[in-house]
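Below: one structure, written as structure tokens.
What follows draws every value from the coordinates through simple rules; no lab data is involved. Keep in mind it's a predicted model, so treat the numbers as computed, not measured. Reconstructed Cβ throughout: ideal geometry from the backbone, glycine too, with neighbour counts over all protein chains shown.
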Ligand SMILES: [Zn+2]
């Protein structure tokens, strides 16, 4: 197990178009293993190769952490050369990023997506994700095109401000409910 250093906003690599993975070499396997360890150690739900300084089209993700189904909560996806093949609906997502510590933002994402990718065995699979897992996949996918969520967020502020604002909205909503 090896932890890699997470690149932070301001680093040029986070703004670059990443390159297709041509072959799944032992180095790519090692990179994916390290990225999984790094993601877990940082308490993240996804990590893309440029976030550890590698300009390749791959990411790892644990998108079901909040699922009601315990059997899939720690399922990890290794997505090599991913491609979003279908998107439907919209949702507002509260997002943060390991490369932008201390901040959160609100982003419009598709409600449901289909995404195909190659795994470490070289098999191509297609998956469907809805709700939060769809957000995770879109967020990580964007990293491969040099896009950070804060570049496309409607609202972007420190985590503290963001969580306070969410609380205010919830309280307003609760007041409205009781006023009825
Ligand atoms: Zn990110």
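Laid out as a table, the results:
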| item | result |
| --- | --- |
| Extension gain, residue 25 back to residue 165 (0.36 nm per residue minus Cα-Cα distance, nm) | 45.8 nm |
| Structure-based [θ]222 nm, the chain - -39500 (n - 2.57) summed over DSSP H runs of at least 4, per residue, nearest 500 | -9500 deg cm²/dmol |
| Cut-off 14 Å, label 7 Å out along Cα→Cβ of residue 41, residues of region 6-20 by amide N | 6-7 |
| Alpha-carbon centroids, region 60-99 and region 105-174: separation in whole Å | 8 |
| Cβ-Cβ FRET estimate between residue 126 and residue 172, R0 fixed at 45 Å, reported to 0.05 | 0.60 |
| Tilt relative to the chain, helix 132-143 - C-alpha long axis, 0 to 90 degrees, to 10 | 50 |
| Size descriptor, Kirkwood hydrodynamic radius, that averages inverse alpha-carbon separations across the chain, Å | 17.1 |
| With Cα atoms, 0 to 90° folded angle of helix 26-41 axis to the chain main axis | 20 |
| Relative packing of 79-88, 151-160, which averages over residues the other C-beta atoms within 10 Å, highest first | 79-88, 151-160 |
| Helix 159-179 axis, angle to the chain major axis (alpha carbon atoms, nearest 10°) | 40 |
| Protection-proxy order for peptides 10-22, 64-76, each taking the mean of Cβ atoms within 10 Å per residue, highest first | 10-22, 64-76 |
| Protection proxy ranking, peptides 100-111, 137-148, average beta carbon neighbours within 10 Å, highest first | 137-148, 100-111 |
